[in-house]
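The values are calculated or read from the model by the stated rules, or taken from the named source; none is laboratory data. In this text the structure is predicted, and so the values were computed from the model without any measurement. When we count neighbours, we look across all protein chains shown, and the Cβ atoms used for this are built from the backbone with ideal geometry, even at glycine.
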Amino acid sequence: MNATPRSQAGVALLTALLIVSLATVAAVAMTSRQQLDMRRTGNLLHGEQAWAYVLGAESWARVVLARDAKESEVDHLGEDWAMQVPASFVEGGSVSGRVIDLQGRFNLNNLVVDGEADSAAIARYKRLLRTLKLDESLADALVDWLDKDIDTRFPDGAEDETYQLLDPAYRAANRLMADVSELRLVKGYDAEVVATLLGANGGVPFVTALPEATALNVNTATAEVLTTLAEGLTLADGEAMVEARGDNGFEKLQDLLQQPALAGRQVDADALDVESHWFLTVAEANVGQGRARLASLMQRDRGTVRVIGRRRVFADPVRAPAPPRAE
């Protein structure tokens, strides 16, 4: 039986509607994909632009530190490099940066020299732990982590036999720290201890891990770190020394040693200085939806400033939350 003209018209109409529907779906999909591609490309371009800006901030820090070395042999918190610079507005966003003196913190790698424990540095570290109301026995486990031998320090040290019982198991590093975040792997350094030492949750960082042994810059150290200078110093003594140095710091080490808080106390002057060679530059840029944050470790030697290491970071490396320690 032949189809009627009316039925043929109906089939043609349904076919036309189906074609229009498919074309509409395809057009919407193509438009959505195009918009997604455009946003993705824009974000990539903004991200690259932001990265270029933070590299520019790093170059600015190198220039400022090199100029400072030519103008002064004393580093203090009143100098240009130490000032918090307001965010600068650039095309499409903003960029900000700051320079931190790492020699104003206790260098954990000072605890071991040439693979052997340094008793004077250990004593200073224990004073810092006491000031921060932490257990001074934490020093033994850290020294074992850093020294080259596999002998456990008495009574609270820890070598391979301690860490290999954990899950997952690992071994003691028996070398200097490459980064202060290694603390979370050391026996006794739980999240609370690491947070206190590294200044997480809005606190002030008290320790660092530099590639070499360094002197403490008494012009940039906090009151807590200054209590490590001699046995028996209190936080009030440290605060008194901070107040005495003022905005421009001590011009020479002898000015510090003459402070009343240090009268009659034995101070290891060789471990102290009024200038610094190691700095951390933190730069952040925001361009559209693109964001970049850079942390650069810098060494200044004879007026030359070198970038020793740089890394992208997602949290503030100055006060980053402490990652959980392996149990």
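Would you check if residue 120 is farther than 22 Å from residue 236 by Cα, within 24 Å of the chain's Cα centre (by Cα) and either in contact (Cβ under 8 Å) with a residue 24 or more places away in the chain or part of a helix (DSSP H, G or I) (or both)? Criteria not met by residue 120. If you filter segment 187-210 down to residues that are free of Cβ contacts under 8 Å to residues at least 60 places away in the same chain and buried (at least 19 other Cβ atoms within 10 Å of the Cβ), you find that the one that is nearest to residue 227 (Cα to Cα) is 193.
Counting the residues of segment 155-176 that are touching a residue at least 12 places away in the same chain (Cβ under 8 Å) and either of a type in the set (A, V, I, L, M, F, W, C) or touching a Phe, Trp or Tyr at 6+ places or on another chain (Cβ under 7 Å) (or both) gives 7. For residue 80, the conditions (1) at pLDDT below 95; (2) over 22 Å from residue 275 (Cβ atoms) all hold with the exception of (2).
Return the total of residues in segment 53-103 being hydrophobic (A, V, I, L, M, F, W, C), farther than 30 Å from residue 225 by Cβ and touching a residue at least 60 places away in the same chain (Cβ under 8 Å). Reasoning before the result, please.
Just the residues of segment 53-103 that are hydrophobic (A, V, I, L, M, F, W, C), to begin with: 54-55, 57, 60-61, 63-66, 69, 74, 77, 81-83, 85, 87, 89-90, 95, 99-100, 102.
Then keep just the ones that are farther than 30 Å from residue 225 by Cβ; that gives 55, 89-90, 95.
In the following step, the residues that additionally are touching a residue at least 60 places away in the same chain (Cβ under 8 Å) were identified as 55, 90, 95.
Selection size over segment 53-103: 3.
Using beta carbons and a limit of 9 Å, which pairs, at least six apart or on different chains, have the first residue in segment 105-116 and within 17 Å of residue 153 (Cα to Cα) and the second one in a strand (DSSP E or B) and small (Gly, Ala, Ser)? Matching pairs, first to second residue: 111/117.
Scanning segment 118-157 for residues that are of a type in the set (Ser, Thr, Tyr) and within 14 Å of residue 173 (Cα to Cα) yields a total of 1. Of the numbered criteria (1) modelled with pLDDT of 95 or more; (2) in a loop (DSSP other than H, G, I, E, B), the one residue 243 fails is (2). Considering only residues in segment 262-279 that are crowded, with 20+ Cβ neighbours inside 10 Å and either basic (Lys, Arg) or within 15 Å of the chain's Cα centre (by Cα) (or both), the one that is farthest from residue 230 (Cα to Cα) turns out to be 279.
Matching residues to (1) surrounded by fewer than 17 Cβ atoms within 10 Å (Cβ to Cβ); (2) closer than 20 Å to residue 312 by Cβ; (3) within 22 Å of the chain's Cα centre (by Cα); (4) of a type in the set (Ser, Thr, Tyr):
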| position | (1), (2), (3), (4) |
| --- | --- |
| 58 | no, yes, yes, no |
| 64 | no, no, yes, no |
| 74 | no, no, no, no |
| 87 | yes, yes, yes, no |
| 91 | yes, no, no, no |
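Within segment 222-250, track down each residue that is among the small types (Gly, Ala, Ser) and farther than 18 Å from residue 76 by Cα.
Narrowing segment 222-250 to residues among the small types (Gly, Ala, Ser): 223, 230, 232, 236, 238, 240, 244, 246, 249.
Within segment 222-250, 230, 232, 236 meet the criteria.
Taken together, the residues in segment 109-119 that are hydrophobic (A, V, I, L, M, F, W, C) and either buried (at least 22 other Cβ atoms within 10 Å of the Cβ) or within 22 Å of residue 306 (Cβ to Cβ) (or both) amount to 2.
Quick grid of which residues meet (1) surrounded by fewer than 22 Cβ atoms within 10 Å (Cβ to Cβ); (2) of a type in the set (S, T, N, Q); (3) modelled with pLDDT under 95:
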site	(1), (2), (3)
97	no, no, yes
107	no, yes, no
121	no, no, no
124	no, no, no
130	yes, no, no
138	yes, no, no
147	no, no, no
158	yes, no, no
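Of 105, 98, which residue is basic (Lys, Arg) and over 13 Å from residue 207 (Cα atoms)? Steps first, answer last, please.
Values: 105 fails: over 13 Å from residue 207 (Cα atoms).
Step by step, each of 105, 98 is checked, and only 98 is basic (Lys, Arg) and over 13 Å from residue 207 (Cα atoms).
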